[in-house]
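The values are calculated or read from the model by the stated rules, or taken from the named source; none is laboratory data. Computed from a predicted structure; not experimentally measured. Note that each Cβ is placed from the backbone with ideal geometry, even for glycine, and that neighbours are counted across all protein chains shown.
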Amino acid sequence: MFRELLTEIVSGADGSIGAVLMGSDGLTVDQVTTDPARGDIEAMAMELSVVLREVRKAAQQIEAGVPEELMIRGASLTTLVRVLNDEYFVALALQPTASVGKARFLLRRAVPRLRENL
């Protein structure tokens, strides 16, 4: 079920490189990659689990509430992270030319179905 949802996200967002559903412990639940030569999506998400943990700590310290979404934009890669619950998140890697707005919409739309199947 997860692969189908990740595939739906990746195929719907032009410029997608891949998506991964990962535990906050850094263990991959499932992933979909459109271009394996573009990089290791799983390794990227493992690093994001560390970043997300620190963002959660910072948000707690400033009483900002629980983070729901995170975006990291670089010259060659944009990464969107959507938090599903305390244990899981989904990350979507995009080419710099991708439509971030559409990708965010697709992630947001998939969240209830991903949560339901966890």
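Could you grab me the full set of residues in the range 39-64 that are β-branched (Val, Ile, Thr) and free of Cβ contacts under 8 Å to residues at least 12 places away in the same chain?
First pass over the range 39-64, keeping only residues β-branched (Val, Ile, Thr): 41, 50-51, 55, 62.
If the condition is that a residue be β-branched (Val, Ile, Thr) and free of Cβ contacts under 8 Å to residues at least 12 places away in the same chain, then ILE62 is the only one that fits.
Restricted to the range 1-32, and to residues that are of a type in the set (Ser, Thr, Tyr) and under 19 Å from MET71 (Cα atoms), which residue is surrounded by the most Cβ atoms within 10 Å (Cβ to Cβ)?
Going residue by residue through the range 1-32, those that are of a type in the set (Ser, Thr, Tyr) are 7, 11, 16, 24, 28.
From what's left, under 19 Å from MET71 (Cα atoms): 16, 24.
Numbers: SER16: 22, SER24: 18.
The qualifying residue surrounded by the most Cβ atoms within 10 Å (Cβ to Cβ) is SER16.
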So VAL20 fits all but one of (1) outside any helix (DSSP H, G or I); (2) in contact with a Gly (Cβ under 6 Å, 6 or more places away or on another chain); (3) of a type outside the set (Ser, Thr, Tyr); what number is the exception?
(2)
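Would you call LEU84 touching a Lys or Arg at 6+ places or on another chain (Cβ under 6 Å) and over 16 Å from THR7 (Cα atoms)?
Details: touching a Lys or Arg at 6+ places or on another chain (Cβ under 6 Å): yes; over 16 Å from THR7 (Cα atoms): yes.
Yes.
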Taking the range 1-28, which residues are in contact with a helix residue (DSSP H, G or I) (Cβ under 6 Å, 6 or more places away or on another chain) and of a type outside the set (Ser, Thr, Tyr)?
MET1, LEU5, ILE9, GLY12, ALA13, ILE17, GLY18, ALA19, VAL20, LEU21, MET22, GLY26
Which one of the conditions (1) hydrophobic (A, V, I, L, M, F, W, C); (2) under 15 Å from GLY15 (Cβ atoms); (3) crowded, with 19+ Cβ neighbours inside 10 Å does LEU77 fail to meet, given that it meets all the rest?
(3)
Can you pull out every residue in the range 28-70 that is of a type in the set (Gly, Ala, Ser), over 12 Å from the mean Cα position of the chain (by Cα), assigned to a helix (DSSP H, G or I) and modelled with pLDDT under 85?
ALA37, ALA43
